[in-house]
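The values are calculated or read from the model by the stated rules, or taken from the named source; none is laboratory data. Quick caveat: nothing in here was measured; it's all calculated off a predicted structure. Note that each Cβ is placed from the backbone with ideal geometry, even for glycine, and that neighbours are counted across all protein chains shown. To get the accessible areas, we keep the full protein, side chains included, count just its heavy atoms, and leave off ligands, DNA and RNA. Shrake-Rupley method; radii C 1.70, N 1.55, O 1.52, S 1.80 Å.
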Amino acid sequence: MSPSTESQAAGEHAELLAVALEAARRAGALLRDGRPADLGVAATKSSPIDVVTEMDIAAEKLITSHIARLRPDDGVLGEEGASSEGTSGIRWVIDPLDGTVNYLYGLPSWAVSIAAEKDGRTLVGVVEAPMRGETYQAVLGGGALVNGRPARCRPAPDFAHALVGTGFGYLSQRRAAQAEVVRTLVPRVRDIRRAGSAAIDLCDVGCGRLDAYYERGLNPWDLAAGDLFAREAGALTGGRPGEPASGELTVAAPPGLFEPLQGLLEELGAWHD
Ligand code: LIP
């Protein structure tokens, strides 16, 4: 890449990051400060426990309006229905409220996740976790920061000392299959954590607060920003061997732990229900 092309790319990444940071900050403040005391379920999606609240919808509207104002030619894909192709080649992938069930119950582990991608590659990602007072940001090839400080994943522990995050889907058949996988894993690792937000789990791998994370059934908006953050913080991410992280399976861990975990998940069929 020529120097001028490099500087153009750096300038674009900086602009995309600034848009994502401000949109995430504003949405995070709305969700933190505007949560109604009587918050209820506004709708359900894939199952009666896959819920949407009025705040998911309000946060997505705030984010998409902010982006449209500053970058009107970009495409958008949001969990709550925002969808447009755009003409710029940039697409925003938005989970306005990741960890919706936690938010509904008043638990603190939820986040706003915003990523910008071009030709299917995530260029920048921001995860805003207001109840933690933390902002996670990453730029492709530019590293990962948590509250402006460099983030690095933990060096790989041996398998029996790994603290492993995971999550479960909203359909009972899938949950039964996921329970079988975690049943095998529990006696082989230090412990399991199920915090309820993929975006935060992926950022926790990047910050060294989890040794690993895996989950089947994530949507693009759940993982786009956190996957980039984890990778830029030194972790490996992927799905089945040779595959990228996806809804089929997402795995994140430092080198040396990623490979044996991915191999065991493949053996256990964690990639199918
Ligand atoms: C959630 C994910 C989480 C998963 C939950 C749910 P949502 O996303 O972040 O990892 O285990 O089942 O899918 O629905 O809160 O945006």
Among the residues of segment 1-39, which ones are more than 24 Å from residue 128 (Cβ to Cβ) and touching a helix residue (DSSP H, G or I) at 6+ places or on another chain (Cβ under 8 Å)? 1
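Checking the conditions here, which among 189, 205 is of a type in the set (Val, Ile, Thr) and over 13 Å from the mean Cα position of the chain (by Cα)?
Matching residue, one of 189, 205: 189.
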How many of the residues making up segment 81-106 are closer than 27 Å to residue 40 by Cβ and either within 8 Å of the ligand (Cβ to nearest atom) or buried (at least 23 other Cβ atoms within 10 Å of the Cβ) (or both)? 10
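Enumerate the helices (runs of 4 or more DSSP H) found wholly within segment 1-117, keeping only those where 1 or more residues are more than 16 Å from the chain's Cα centre (by Cα) and among the charged types (D, E, K, R). I'd like the intermediate steps shown before the answer.
Working: elements: 3-33, 54-70, 100-105.
Answer list for segment 1-117: 3-33, 54-70.
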Among the listed residues 174, 149, 132, 154, identify the single one that is among the basic types (Lys, Arg) and closer than 20 Å to residue 27 by Cβ. 132
Scope segment 158-202; condition within 14 Å of the ligand (Cβ to nearest atom), charged (D, E, K, R) and either part of a helix (DSSP H, G or I) or not assigned by TED's automatic domain parsing to the domain that holds residue 259 (or both); matching residues: 174, 175, 201
I'd like to know if segment 145-152 contains one or more residues that are closer than 19 Å to residue 246 by Cβ and surrounded by fewer than 21 Cβ atoms within 10 Å (Cβ to Cβ). no
Among residues of segment 29-54 being closer than 24 Å to residue 170 by Cβ and touching a Pro at 6+ places or on another chain (Cβ under 8 Å), the residue most open to solvent (accessible area, probe 1.4 Å) is 54
Please pick out the residue among 123, 163 that is in contact with a helix residue (DSSP H, G or I) (Cβ under 9 Å, 6 or more places away or on another chain) and either modelled with pLDDT of 95 or more or open to solvent by less than 30 Å² (accessible area, probe 1.4 Å) (or both). 123
Among (1) free of Cβ contacts under 8 Å to residues at least 40 places away in the same chain; (2) touching an Asp or Glu at 6+ places or on another chain (Cβ under 9 Å); (3) basic (Lys, Arg), where does residue 71 come up short? (1)
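For segment 191-208, give me each residue that is β-branched (Val, Ile, Thr), more than 12 Å from residue 237 (Cβ to Cβ) and open to solvent by less than 10 Å² (accessible area, probe 1.4 Å). Can you show your working first?
Initial filter on segment 191-208 (β-branched (Val, Ile, Thr)): 192, 200, 205.
Those still in the list that are more than 12 Å from residue 237 (Cβ to Cβ) too: 192, 200.
200, the sole residue that qualifies.
Of a type outside the set (Asp, Glu), open to solvent by less than 30 Å² (accessible area, probe 1.4 Å), away from the ligand (no atom under 14 Å from the Cβ) and over 24 Å from residue 149 (Cα atoms): does that describe residue 76? Give the derivation first.
Numbers: of a type outside the set (Asp, Glu): yes; open to solvent by less than 30 Å² (accessible area, probe 1.4 Å): yes; away from the ligand (no atom under 14 Å from the Cβ): yes; over 24 Å from residue 149 (Cα atoms): yes.
Here the answer is yes, as residue 76 does meet what is asked.
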